[in-house]
1. Contour minus end-to-end for CYS58 and ARG44, with contour as 0.36 nm per residue of separation and end-to-end as the Cα-Cα distance?
2. Please give the per residue accessible area of the stretch 16-59, computed with a probe of 1.4 Å over protein heavy atoms only, in Å².
3. Note the direction-averaged projected area, equal to a quarter of the hull surface, for the Cα convex hull of the stretch 16-59, in nm².
Amino acid sequence: MPKYYEDKEEDGQACGGVREDLRQCLLESSCVLQENKSPKQCLREGHCRSLQMTFFACKRSMVSVCGMFPAR
């Protein structure tokens with residue numbers, strides 16, 4: 001479940017809320033807490049997959065398609 005950090009300062013980064021939710025999800029997962037793996041390893045194993053996909057979609061939506069192709 002996403003968490004909204006109303007009393008937290010705005011970090012100014014794009015998709016910052018989703019990034020924070022993904023970070024918290026990984027740090028609170030059983031993979032990190034019980035198996036003592038790094039969050040990076042747990043992410044590769046598929047933990048918090050829905051938040052990872054949401055973060056990817058958020059970052060991807062920021063890319064402008066118009067700037068990728070040269071004008072004719």
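The values are calculated or read from the model by the stated rules, or taken from the named source; none is laboratory data. A quick note: this is a predicted structure, and the numbers were derived from the prediction, not measured. Please note that ligands, DNA and RNA were not included when accessible areas were found on the heavy atoms of the full protein model with its side chains. Shrake-Rupley method; radii C 1.70, N 1.55, O 1.52, S 1.80 Å.
1. 3.1 nm
2. About 64 Å² of surface per residue is accessible.
3. Averaged projected area of the stretch 16-59's Cα convex hull equals 2.7 nm².
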